[in-house]
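Data block below; observations after.
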2 protein chains.
Amino acid sequence: MEFTIVGAGMAGAFLALSLGRQGHVVTVYDRRPDPRGSVNAVTSMNLGLSRRGLSALDRLGLSEEVRRLVVPMRGRMLHNPDGGLRFSAYGEGGILAIQRQDLSALLVDAASREPRVRFVFGTRCTGMDRDLPSVSFVDPDGRAFVVKPDVVVGADGAFSAVRRAMHHEQRAEFSQSYLEWGWRELHIPAAADGAHRMADDVFHLWPRGDIMMFAHPNRDGSFTCSCVLPFHGEHGFDSLRTAADVESLFRTHFPDVLALVPDLGEEFLRRPTFNLVTVSTAPWTHEGKVALIGDACHAVYPFLAQGMNSAFEDALELTDSLARHPGDTAAALARYYTRRKPNTDALATMSHRNFAELRDTVRSPAVRLERACDSVLEKLLWHRWMPLHAMVTNTTVPYAKALQRATRQHRILKYSGAAVVAAAVAGLLRRQG
Amino acid sequence: MEFTIVGAGMAGAFLALSLGRQGHVVTVYDRRPDPRGSVNAVTSMNLGLSRRGLSALDRLGLSEEVRRLVVPMRGRMLHNPDGGLRFSAYGEGGILAIQRQDLSALLVDAASREPRVRFVFGTRCTGMDRDLPSVSFVDPDGRAFVVKPDVVVGADGAFSAVRRAMHHEQRAEFSQSYLEWGWRELHIPAAADGAHRMADDVFHLWPRGDIMMFAHPNRDGSFTCSCVLPFHGEHGFDSLRTAADVESLFRTHFPDVLALVPDLGEEFLRRPTFNLVTVSTAPWTHEGKVALIGDACHAVYPFLAQGMNSAFEDALELTDSLARHPGDTAAALARYYTRRKPNTDALATMSHRNFAELRDTVRSPAVRLERACDSVLEKLLWHRWMPLHAMVTNTTVPYAKALQRATRQHRILKYSGAAVVAAAVAGLLRRQG
């Protein structure tokens, strides 16, 4: 069959490869330039590749190649306002930090090696007829053209043009919601000898309630930091007007970072601010003709680091569904949607909650206590008890099942035995603290 | 000041009149033809004008003129499947049935009499620059032109083009959600002597759980019926394929209507199906330059009959806010939004709940019981106790306050004294039944 994929980001490139391997003819269009020859603008936080993503890459035989590009993070390092550090391990496998640009180029490269897969860059999607189906584009010289594949896939992100055309005058559910927080990227360069200037095998986190920051290690000795602030109010972007304002904020909340970023105040003011959007929609498919994957149908807050991982899962589910219903694309797309939707809904819920939890990790004793109980029970009960974060990060348990199980565990902790466990753990914490 | 209003429906025409009275220069554009000279396609259920709407029309000196076009409904008449009837009164004022076309023409006419108000029909909005602000249109001959007013108001309905342009690449909240039910209109003609063929002073309701129908009396002796069915399933639109299917459904559920609509089966199949959408969004304004009113910012399910009434309230609040902040349009629009948003959010919640309640009026003893308790308590406690429906329909209490009060009353009913009152009322019901 012939596929047109709109969007050559993580979701689109991975799907192209997966479909190409099954013998389908695939053309991927993207309005941006080829990631192999250019540095695209920052569009997301640095990527965290966890079990799900790795196992998806593994299925396409890419995990070895990818491992050469990553920096493994074995846990997270909490930075206290007084400069003190506290480490907590991720558990088996950990999370692998990888730069978007690197992974993007690798995926496009791998897919391009398939004889039936072709990428067309610098080419903007301007519309779609969902019933033919056909898609119209404008090439870099401004020339319009139309393609008529068997199936169109919208992998074109949270503001998907394919989604808009697919849902035009349909009874489609749609919601988009923004956090009152945004983020800016900062860069901590390597030391003169090329070494990392903080621990290089952990995810660094500065949770401060209303504001927070985190940093991923890069292979070249640098770190990519994401600084998350509210748009308005005392610590808001709109109250940071001068380099002195910024430096004063960092002196109070992130003092160790102030020393590591040269010219931090000016640098911060030069950077653009990014939004954090959640998108939810239904349906994701139109008959056997159009499907959406990735952010186009379920953009989530990035703090659980599952955006890319879940997009890979979408792509595999779509490819598997096509293989299961040869000759009946409508049935295949329906299966894909039915199986993925509850899981990405659960992911949205978890990503939302995780943000509140992340911000409050230091401040809320309740969160610390439940987290500590989780870890103790995990050790006591082996694999019959697993904290939510571990299920999301270290397993491929479907998101909906993970959320269900975590909800059950939370209830058990709350109602039965909580007192006993809590007392024991509080004792432990006191000894550790 | 100079205003451009996009949309000459209820919201736009009413606002034009209200602004014109304050001496503003107003031009209203609509892609549809002038309602005074043409019969526009059905776009909403028949209208119910309640206290809020009337008091708004009264402020503009229109209530007398409008009263000539209405049919007062003093309560609702429940039609049982066995043909039995049960009446319940609306309380003071009742609701006035009015045909959309009549009211629409009256509003456009009244606004046109203002020297500074002008209507331009057959002219489609194609875009907006929210910062200038400017709006582009295409006239009936296909000629494009641009206007540059001081303020643009989007009164262009649930799929507002002004809203889309205002929110483009902004951190805007937006959600749209459709019911799994749709509706078709049917017409019960007058008897040979011009009389109504059912009671002419009530709202007729056929609640059947999964499906329902209702009818408004018209001045010419006819009734306009709205038949609400699920899209899919046993009684769904998609299972009604032949006239015989339709007639069989009516024979079972709406037998009295079958006799009143000539050629009902064929007629039903010829009619288009309408959707029921809820739209929620934030913000409604852009600086002092753009504002939304009516369905463009808060389309609700129509079963509480408050769509038009709430749009009139929007228009008055907007006009009042402009009068309160002369020379500071940004402050005026901010005040308008801050005061209206909580109320229309409450309206959306109530409209949503009301649909479930309407459908189940006959079947659920709990709903009947609470409704009866409400009425008894209303009589016992005078105006210190008022059922939600009465607050929405017979008063101008802000929606948010009405919802709060009803929630409090509901809690009181549930927890204290419920047993006593319920027993008494159950006795009453048995005697009435």
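Bear in mind that the values in this text are calculations on the coordinates, not laboratory data. Owing to the predicted nature of the structure, the values given are computational and were not obtained by experimental measurement. Every residue, glycine as well, gets a Cβ built from its backbone with ideal geometry; the counts of neighbours run over all protein chains shown.
Just a few scattered comments:
- Order of A:VAL257, B:VAL202 under a 10 Å beta carbon neighbour criterion, fewest first: A:VAL257, B:VAL202
- Of the residues A:PRO133, A:LEU179, A:LEU229, the one whose Cα sits farthest towards the positive end of the charge dipole of the stretch A:108-229 is A:PRO133 (charges of +1 on Lys and Arg Cβ, -1 on Asp and Glu Cβ, taken about the Cα centre).
- The residue in chain B that lies nearest, by its beta carbon, to the axis linking chain B with chain A is given here with the distance in whole angstrom as B:SER175, 2.
- Estimated D of the stretch A:252-293 in µm² per second, where Rh is the Kirkwood radius over Cα pairs and Stokes-Einstein applies at 20 °C, 1.002 mPa s: 145 µm²/s
- The stretch A:186-269 - Rg and Dmax from Cα coordinates, angstrom: 12.9, 41
- Sparsely packed trypsin sites (Lys or Arg not before Pro) within the stretch A:74-129, loop by DSSP, other Cβ within 10 Å at most 14: A:ARG113
- Annotation: the antiparallel percentage among DSSP beta bridges lying fully within the protein assembly as shown is about 70.
- Residues with amide H under 5 Å from that of A:GLY182, placed H, sequence gap 5 or more: A:LEU229, A:PHE231
- Segment A:THR396-A:ARG241, extension gain: residue separation times 0.36 nm, minus the distance between their alpha carbons: 51.3 nm
- Note on the stretch B:180-270: with charges restricted to the Cβ of Lys and Arg (+1) and Asp and Glu (-1), its dipole about the Cα centre is near 40 debye.
- Relative pair counts by distance (%), Cα atoms of the protein assembly as shown, 20 Å bins: 13, 38, 36, 13, 0, 0
- Counting DSSP beta bridges with both ends in chain A, the antiparallel % (nearest 5): 70 percent
- Helix A:100-112 and the longest principal axis of the Cα set of chain A meet at an angle near 30°.
- Taking the label point 7 Å along Cα→Cβ, B:ARG408 and its counterparts in the other copies are spaced 4.3 nm apart, in ascending order.
- For chain A, the longest site-free run once GluC sites (Glu not before Pro) in DSSP loop states with at most 16 other Cβ atoms within 10 Å are removed: A:288-433
- Cα centre as origin, Lys/Arg/Asp/Glu Cβ charges: chain B dipole, Debye: 1260 debye
- Debye, to nearest 20: dipole size of the stretch A:85-191, +1 on Lys, Arg Cβ, -1 on Asp, Glu Cβ: 60 debye
- Other copies of B:ARG116: label-to-label distances in nm, shortest first, labels 7 Å along the beta-carbon direction: 6.8
- Chain A - Debye-derived log10 I(q)/I(0), Cα point model, q = 0.08 Å⁻¹: -0.48
- Value of relative contact order over chain B, rounded to a whole percent, pairs C-alpha under 8 Å and six or more apart: 18 percent
- With respect to chain B, whose longest principal axis is taken over its alpha-carbon atoms, helix B:365-380 is tilted by about 80°.
- Contact order normalised by residue count of the stretch B:195-249, Cα under 8 Å, 6+ apart, percent: 24 percent
- Teacher prompt: A:PHE159 distances to equivalent labels in other copies, 7 Å Cα→Cβ, nm: 2.2
- Sum of -39500 (n - 2.57) over DSSP H runs of 4+, divided by residues of chain A (222 nm, nearest 500): -12500 deg cm²/dmol
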